[in-house]
Amino acid sequence: VELASKSFRETMLSTYLQMNMGFFAQYDYILMDTGPSMGLINQNAFNATDSIILVTDPDVNGAQGADIFVKLWNTVRDTRASSDDKIAGLIINNMEKTNISKSLMEYINEHERFSDLVFEQTVPHTTRFKECAEQNLPIYLLETKSGDKAKGKAIDSINNLIEEMKNRGIL
């Protein structure tokens with residue numbers, strides 16, 4: 001609400017980060033997890049970032065939401081001639097081994113807007129990620145039984161995504 005009446009309100013976060021670069025320079029990356037909207041807070045995050053990585057589930061709503069976001073982002077870019085296309089990738093989250101997930105993956109991979117964005121590595125559906133959120137821990141520190149295949153698959157998927165992002169020059 002306070003931002004609504006400010007000048008340059010879409011760039012307040014970017015300005016803050018630049019003014020405090022001495023502090024933020026200690027970090028290699030700063031991740032901002034935003035909701036799927038073009039509200040003022042998200043516009044600040046999008047303007048302050050180097051890259052936008054979309055995350056979606058392999059379902060109709062997820063694909064439509066990602067498509068709507070890309071259209072909204074392009075509208076924002078069109079209104080500001082200097083805005084670069086910061087959308088660097090699309091992560092498919094909660095991937096299950098079902099026919100529906102497979103057909104939606106085919107749709108996403110063949111979609112004109114997403115074919116170059118979608119990462120090959122998907123994040124599998126596993127309760128381990130929910131357990132991490134409940135315990136406020138990264139997947140690497142989640143205590144489980146030794147030989148936990150779900151935890152191993154989750155860790156492998158994250159490591160593979162990181163490697164793919166490095167290969168694309170995002171990280």
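The values are calculated or read from the model by the stated rules, or taken from the named source; none is laboratory data. The shown structure was predicted, so the numbers you read here are calculated from the model rather than taken from an experiment. Quick reminder, even Gly has a Cβ in these numbers, built from the backbone with ideal geometry, and neighbours come from all protein chains shown. The accessibility values were calculated without ligands, DNA or RNA, using every heavy atom of the protein model including side chains. Shrake-Rupley method; radii C 1.70, N 1.55, O 1.52, S 1.80 Å.
Only one of the listed residues (113, 128) is open to solvent by 30 Å² or more (accessible area, probe 1.4 Å), of a type in the set (Lys, Arg), in contact with a helix residue (DSSP H, G or I) (Cβ under 8 Å, 6 or more places away or on another chain) and assigned to a loop (DSSP other than H, G, I, E, B). That residue is 113.
Within the range 131-171, restricting attention to residues that are of a type in the set (Gly, Ala, Ser) and part of a helix (DSSP H, G or I), the residue that is surrounded by the most Cβ atoms within 10 Å (Cβ to Cβ) is 154. Of the residues that make up the range 88-98, is at least one out of contact with any His (no Cβ under 8 Å at 6 or more places or on another chain) and open to solvent by 60 Å² or more (accessible area, probe 1.4 Å)? The answer is yes, given that some residue of the range 88-98 is out of contact with any His (no Cβ under 8 Å at 6 or more places or on another chain) and open to solvent by 60 Å² or more (accessible area, probe 1.4 Å). The set of residues in the range 13-30 that are of a type in the set (A, V, I, L, M, F, W, C) and open to solvent by 50 Å² or more (accessible area, probe 1.4 Å) comprises 13, 19, 21, 23, 25, 30. Of the residues making up the range 99-110, those that are open to solvent by 30 Å² or more (accessible area, probe 1.4 Å) and not hydrophobic (A, V, I, L, M, F, W, C) are 99, 102, 103, 106, 107, 109, 110. Every test in (1) part of a loop (DSSP other than H, G, I, E, B); (2) touching a residue at least 12 places away in the same chain (Cβ under 8 Å); (3) open to solvent by 60 Å² or more (accessible area, probe 1.4 Å) is passed by residue 122 save one, and that test is (3).
When residue 10 is tested against the conditions (1) exposed (fewer than 14 other Cβ atoms within 10 Å of the Cβ); (2) part of a helix (DSSP H, G or I); (3) in contact (Cβ under 8 Å) with a residue 24 or more places away in the chain, the lone failure is (1).
Consider residue 55 carefully, then state whether it is assigned to a strand (DSSP E or B) and either under 15 Å from residue 33 (Cα atoms) or open to solvent by 20 Å² or more (accessible area, probe 1.4 Å) (or both). In short, yes.
Restricting 161, 137, 104, 141 to residues that are in contact (Cβ under 8 Å) with a residue 60 or more places away in the chain and not hydroxyl-bearing (Ser, Thr, Tyr) narrows the list to 161.
Kindly indicate whether residue 72 is in a strand (DSSP E or B) and within 18 Å of the chain's Cα centre (by Cα). Judged against the criteria, residue 72 is not a match.
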